[in-house]
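Notes for the one structure printed next.
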Amino acid sequence: MRRTKSAPTRPLMWDFPGGHLEVGESAEDGAIRELKEESNLDAISDQLKKIGTFEESGITVHLYRLDIDDPVVRLKDGEHDQYAWTPISQMECYNLTDTIKKSVNNNKEFFDLRSIT
């Protein structure tokens with residue numbers, strides 16, 4: 001999803017759906033909530049596949065994969081203005097946030113691809 005020009009952080013950069021956890025919220029529940037808030041996609045815990053967890057600028061990032069057959073995205077949060085479904089091999093064509101680059105590069109065995117620079 002591309003962040004809008006007026007997004008408070010990382011304007012016009014591409015990022016995965018996500019955000020901060022609410023008090024008492026599990027990482028899995030937070031991923032489901034953020035996905036709904038940002039894209040209007042519904043998911044349940046059984047559909048999520050944990051890829052990994054890493055630290056980024058003092059924040060713990062939980063990375064999940066969600067496979068859905070016929071997703072219909074509706075951007076809802078006002079922080080994003082575009083979305084794209086793209087093969088991992090073409091991600092370097094996008095202005096990616098450092099977090100996305102790190103997510104992919106640190107989990108090459110999951111994505112099975114070369115490094116994104």
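Bear in mind these aren't lab numbers, they're just calculated from the coordinates by the rules spelled out. Values in this document were obtained by computation on a predicted structure and should not be read as measured data. Positions of Cβ are backbone-derived with ideal geometry, glycine not excepted, and every protein chain shown enters the neighbour counts.
Among ILE51, TYR83, LEU96, which residue has its Cα positioned farthest towards the positive end of the charge dipole of the chain, with +1 placed on the Cβ of Lys and Arg, -1 on the Cβ of Asp and Glu, and the dipole taken about the Cα centre?
Final value for the positive-end residue is LEU96.
Using the crude model of +1 on Lys and Arg Cβ and -1 on Asp and Glu Cβ, and no other charge, please compute the dipole size for region 1-71 relative to its Cα centre, in debye to 20.
Here region 1-71 has a charge dipole of around 420 debye.
Go through (i) 57; (ii) 53; (iii) 47 and flag the label whose value is the computed percent of Cα pairs over 18 Å apart for this structure.
Step by step, percent of Cα pairs over 18 Å apart for this structure corresponds to label (ii).
For the chain, the longest stretch holding no GluC sites (Glu not before Pro) located in a DSSP loop with at most 15 other Cβ atoms within 10 Å is which?
The segment 26-117 is the longest one with no such site.
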